[in-house]
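The values are calculated or read from the model by the stated rules, or taken from the named source; none is laboratory data. Keep in mind it's a predicted model, so treat the numbers as computed, not measured. Because the Cβ atoms are built from the backbone with ideal geometry, glycine has one as well, and the counts that use them run over all protein chains shown. Heads up: the accessible areas ignore ligands, DNA and RNA and are worked out on the full protein's heavy atoms, side chains in. Shrake-Rupley method; radii C 1.70, N 1.55, O 1.52, S 1.80 Å.
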Amino acid sequence: MAHYKECKLIEPMRELFEVIMEKLKTPSIAQFAEVIPPLTIPGREKNIDSQKRQIHRRLSGKIPPNWENIRSISDTFFGGDDGPMVSYGVARFLQSLLQELRDNHTPTFFEEEKDLVSIFQEQSKWQEFHSKSCAKWSKAKSNKELLASS
């Protein structure tokens, strides 16, 4: 998930939000801020300027969105599919790992940032593996529930 695009580092959380924005056909943060559920206190009216600030904070990877925000986006736009939740979990883990390695292990283990980023190029394979495992678990769980209710 971490990669360079036009010499700029795209971190895992930014990548996740860019994919969500692309799927929702919202090319700008302003449009995205308007369509997604509020990212602030539940029950409060959505403030677009606040939404944009929240999205920028999330894109930076410094403050991850909470699980309820991602569930709300998943429920609103993806029919409650758990795919966005799994993707968020992976992105959150990778974002945390990237920050930890960059802050505490460069240049000790990685000569420079690009060496560190190279280890993240296998993320799509990790995500595919975990998505398949999650689907198997969900199927097994629903089969177990069916058997228990019979």
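Looking at 97, 39, 9 in this structure, which one is closer than 24 Å to residue 120 by Cβ and not in a helix (DSSP H, G or I)?
Being closer than 24 Å to residue 120 by Cβ and not in a helix (DSSP H, G or I) holds for just one of 97, 39, 9, which is 9.
Of all residues in the stretch 72-113 being open to solvent by 40 Å² or more (accessible area, probe 1.4 Å) and aromatic (Phe, Trp, Tyr), which is nearest to residue 46 (Cα to Cα)?
77
Look through the stretch 112-150, keep the residues that are of a type in the set (Phe, Trp, Tyr) and closer than 24 Å to residue 81 by Cα, and return whichever of them is modelled with the lowest pLDDT.
126
Which residue pairs have Cβ atoms under 6 Å apart, sit 6 or more places apart or on different chains, and have a first residue in the stretch 59-80 that is within 14 Å of residue 92 (Cβ to Cβ) and a second that is surrounded by fewer than 16 Cβ atoms within 10 Å (Cβ to Cβ)?
63/57
How many residues are within 17 Å of residue 34 (Cα to Cα), touching a helix residue (DSSP H, G or I) at 6+ places or on another chain (Cβ under 8 Å) and modelled with pLDDT under 90 when one looks only at the stretch 57-104?
Residues that pass the stated criteria total 3.
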